[in-house]
Amino acid sequence: QVHLVESGGGSVQPGGSLRLSCAFSGSIFSLYVMGWYRQDPMKQRELVAQITRSGDTNYAGSVKGRFTISRDNAKKTVVLEMTSLKPEDTAVYYCNAKFRVEDIWGRGTQVTVSP
């Protein structure tokens, strides 16, 4: 059974940086498409960034050029590097793993960007 644990959230001022990490366990990590989503209480959950098994990446337009997703198949981790953070990036960030019909979520980590 796949288990995802996020870490690295916190509070930062606008323009700052944070690094989110997601630890994967319970299956063959390299088979999964990995992604980061975010949700604040007033909006639907949205895709932030995704990385395929081969390393191809996809980003939401609002974060392109500021966020970078990467994966380490040996360590079974996926990382989201976030720079030039804006108040509108404030949300709970969730790690996601997809493979065939499996669609697994972590519990999320809070990111708050405020002066």
Exercise for review: Please grab the % of Cα pairs in region 1-55 that end up more than 16 Å from each other.
Suggested key: 59
Practice item. Return the FRET efficiency for the residue pair R107, T83: r is the Cβ-Cβ distance, R0 is 35 Å, and the value is rounded to the nearest 0.05. Key: 0.90
Revision key, fill the gap. Projected onto their principal axes, the Cα atoms of the chain stretch, largest extent first, over whole-Å spans of 41, 25, 22
Point to revise | Packing-based order for 26-35, 13-22, using average beta carbon neighbours within 10 Å, highest first | key: 26-35, 13-22
Practice item. Summarise the accessible area of the chain (1.4 Å probe, protein heavy atoms) by the percent that is carbon and sulfur. Key: 49
**Study point:** Normalised contact order of region 1-76, rounded percent, pairs of Cα under 8 Å and 6 or more residues apart
**Key:** 23
Revision key, fill the gap. With F24 itself left out, Lys, Arg at +1 and Asp, Glu at -1 over residues whose Cβ is under 15 Å from its Cβ give +2
Point to revise | Alpha carbon Rg of region 51-92, scaled by the compact-globule rule 2.2 N^0.38 Å | key: 1.28
Review point. Do you know the Lys pair count in region 26-115 for C-alpha distances under 21 Å, with sequence separation 8 or more or different chains?
Key: 5
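The values are calculated or read from the model by the stated rules, or taken from the named source; none is laboratory data. Here the structure is a predicted model, which is why all the values come from computation and not from measurement. Every residue, glycine as well, gets a Cβ built from its backbone with ideal geometry; the counts of neighbours run over all protein chains shown. Heavy atoms of the whole protein, side chains included, go into the accessibility calculation; ligands, DNA and RNA do not. Shrake-Rupley method; radii C 1.70, N 1.55, O 1.52, S 1.80 Å.
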